[in-house]
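The structure appears right after this line, and notes come after that.
The values are calculated or read from the model by the stated rules, or taken from the named source; none is laboratory data. What you are looking at is a predicted structure, and each value in this text was computed from that prediction instead of being measured. Quick reminder, even Gly has a Cβ in these numbers, built from the backbone with ideal geometry, and neighbours come from all protein chains shown. For accessibility, only protein heavy atoms count, side chains too; no ligands or nucleic acids. Shrake-Rupley method; radii C 1.70, N 1.55, O 1.52, S 1.80 Å.
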Amino acid sequence: MYTITRKSLAQLLGVSVLALSLAACGNSGAESEQIPETDTEGTPTEQVEEEATTRVITDAMGHEVVVPANPERVIASYLEDHLVALGIKPAAQWSISDGQGVQDYLQYELKDVPTIPYDLPFEAVMEMNPDLIIVESASMVEEGKYEQYNKIAPTYVIGVEVNNDWRDELVRVGQVFGKEELANEVLTEYDTKAAEAKASIETGVGTPSVAAVWLVGGKFFMVAETVSSGAVLYGDLELEVPEVVKEISENATGNWNEISLEKLAELDADHLFLINSDNGVETTPLSESLWGSIPAVKAGNVHEFSPSESWLYTGPIANSQIIDHVVERLVK
């Protein structure tokens, strides 16, 4: 079974030194040391000022990273959702296909931000002159890549897994910037919104079974139960999980997992959310009789979205927009 991790998602859519000096001064021909000024605890004032410009934090891989207290040129490929939610504008943004593909749903905030290839080539990173690099997972810095990035700028690794929990990612990003309180506020606002949406759906239509599938290159991919938009549908909104989704999720190794049209025809979902990357393509599986036999299709309960929407991504902003879409389509 072919699966789509965040890396292959990108491919398909196309991620100061402290110095204290002692100065001599003359007094009646004799030399004496100039005693540096200290704070109330006896720490040299210059040292206090220097330390205040950086902070040392430990990343998911155990690296002690010396980060600027107020980083101004940050590169955090595929973590832009978290940055924007915390009011941070990166120096460059994730892209594919030589900058032609970006996270469209974030472009209101990032429209003037230059692009960088999703896999962060060293030369491209150097050209951006970052003062901090944040990478999403340990897999992005394997085979000596961490050391190379760290030569360019302090490098912080968010998590060790390919698919980290987005809530944990947001908190960690908040810690990097000293914005833990704001990160927790964002989470609280999101959870409140999800709870209100869940109640609205239950009042309007009960708890229907739903599924999300992505059509790209003539193939279907189904979102797994606990990641990406699946985590929103089944975790946050607690909508019913169809048996086919459970089966696909059992062996899932990525966010989106290939599913045949024959298997999709067995989908016992009341509503189907379709992310259509093949819109405008002359011949697609959507014209086949098997597609028309799917219960949700027969009932007219297919809700179509373009890949420029937030359904293929994850984070407080993407997930919040997905919640809006679900409520709009289910509660009429």
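Enumerate the pairs (first residue in the stretch 186-205 and crowded, with 16+ Cβ neighbours inside 10 Å; second residue anywhere and among the hydroxyl-bearing types (Ser, Thr, Tyr)) with beta-carbon separation below 8 Å, excluding pairs fewer than 6 apart on the same chain, so at least 6 apart or on different chains.
190/320; 193/320; 201/207
Out of everything in the stretch 227-256 that is within 19 Å of the chain's Cα centre (by Cα) and outside any helix (DSSP H, G or I), what residue ends up being surrounded by the fewest Cβ atoms within 10 Å (Cβ to Cβ)?
253
With respect to residue 275, determine if the residue is open to solvent by less than 20 Å² (accessible area, probe 1.4 Å) and among the β-branched types (Val, Ile, Thr).
On the way: open to solvent by less than 20 Å² (accessible area, probe 1.4 Å): yes; among the β-branched types (Val, Ile, Thr): yes.
So residue 275 fits the description; yes.
All but one of (1) of a type in the set (A, V, I, L, M, F, W, C); (2) out of contact with any helix residue (DSSP H, G or I) (no Cβ under 6 Å at 6 or more places or on another chain); (3) over 23 Å from residue 206 (Cβ atoms) hold for residue 265; state the number of the condition that does not hold.
Among (1) of a type in the set (A, V, I, L, M, F, W, C); (2) out of contact with any helix residue (DSSP H, G or I) (no Cβ under 6 Å at 6 or more places or on another chain); (3) over 23 Å from residue 206 (Cβ atoms), residue 265 violates only (2).
Under 7 Å by Cβ, and 6 or more places apart or on different chains, what pairs join a residue from the stretch 127-149 that is over 25 Å from residue 313 (Cα atoms) with one that is at pLDDT 95 or above and aromatic (Phe, Trp, Tyr)?
Listed by first residue and then by second, the contacts come to 148/122.
When you look at residue 61, is it open to solvent by 20 Å² or more (accessible area, probe 1.4 Å), under 21 Å from residue 152 (Cβ atoms) and not in a loop (DSSP other than H, G, I, E, B), yes or no? Write out each step before concluding.
On the way: open to solvent by 20 Å² or more (accessible area, probe 1.4 Å): yes; under 21 Å from residue 152 (Cβ atoms): yes; not in a loop (DSSP other than H, G, I, E, B): no.
No: the conditions fail for residue 61.
Within the stretch 104-124, restricting attention to residues that are in contact with a strand residue (DSSP E or B) (Cβ under 6 Å, 6 or more places away or on another chain) and of a type outside the set (Ser, Thr, Tyr), which residue is most open to solvent (accessible area, probe 1.4 Å)?
Just the residues of the stretch 104-124 that are in contact with a strand residue (DSSP E or B) (Cβ under 6 Å, 6 or more places away or on another chain), to begin with: 110, 113-116, 118, 124.
Now drop any that are not of a type outside the set (Ser, Thr, Tyr), which leaves 110, 113-114, 116, 124.
Numbers: 110: 2, 113: 11, 114: 65, 116: 2, 124: 21 Å².
In this case the residue turns out to be 114.
Considering only residues that are in a strand (DSSP E or B) and closer than 10 Å to residue 213 by Cβ, look in the stretch 258-281 and name the one that is nearest to the chain's Cα centre (by Cα). Steps first, please.
Going residue by residue through the stretch 258-281, those that are in a strand (DSSP E or B) are 258-259, 271-276.
Going one step further and asking which of them are closer than 10 Å to residue 213 by Cβ, we end up with 259, 272-276.
Working: 259: 25, 272: 24, 273: 21, 274: 21, 275: 19, 276: 21 Å.
Checking each candidate, the answer is 275.
Assuming residue 149 fulfils every condition listed in (1) of a type outside the set (A, V, I, L, M, F, W, C); (2) over 23 Å from residue 54 (Cβ atoms); (3) open to solvent by less than 60 Å² (accessible area, probe 1.4 Å); (4) not in a strand (DSSP E or B) apart from one, which condition is it?
(2)
Evaluate the following for residue 197: is it modelled with pLDDT of 95 or more, touching a Leu at 6+ places or on another chain (Cβ under 8 Å), assigned to a helix (DSSP H, G or I) and farther than 16 Å from residue 85 by Cα?
Working: modelled with pLDDT of 95 or more: yes; touching a Leu at 6+ places or on another chain (Cβ under 8 Å): yes; assigned to a helix (DSSP H, G or I): yes; farther than 16 Å from residue 85 by Cα: yes.
When the stated conditions are applied, residue 197 passes them.
Out of the residues in the stretch 152-172 that are assigned to a loop (DSSP other than H, G, I, E, B) and within 29 Å of residue 231 (Cβ to Cβ), which is modelled with the highest pLDDT? Before you say what the answer is, go through the steps one by one.
Residues of the stretch 152-172 assigned to a loop (DSSP other than H, G, I, E, B): 153-154, 160-165.
Those still in the list that are within 29 Å of residue 231 (Cβ to Cβ) too: 160-165.
Working: 160: 86, 161: 82, 162: 76, 163: 78, 164: 83, 165: 92.
Filtering the stretch 152-172 for residues that are assigned to a loop (DSSP other than H, G, I, E, B) and within 29 Å of residue 231 (Cβ to Cβ), the one modelled with the highest pLDDT comes out as 165.
So that you can scan it fast, the table gives a plain yes or no per residue for (1) out of contact with any strand residue (DSSP E or B) (no Cβ under 7 Å at 6 or more places or on another chain); (2) modelled with pLDDT of 95 or more:
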| position | (1), (2) |
| --- | --- |
| 25 | no, no |
| 44 | no, no |
| 51 | yes, no |
| 58 | no, yes |
| 65 | no, yes |
| 77 | no, no |
| 82 | yes, yes |
| 91 | no, yes |
| 96 | yes, no |
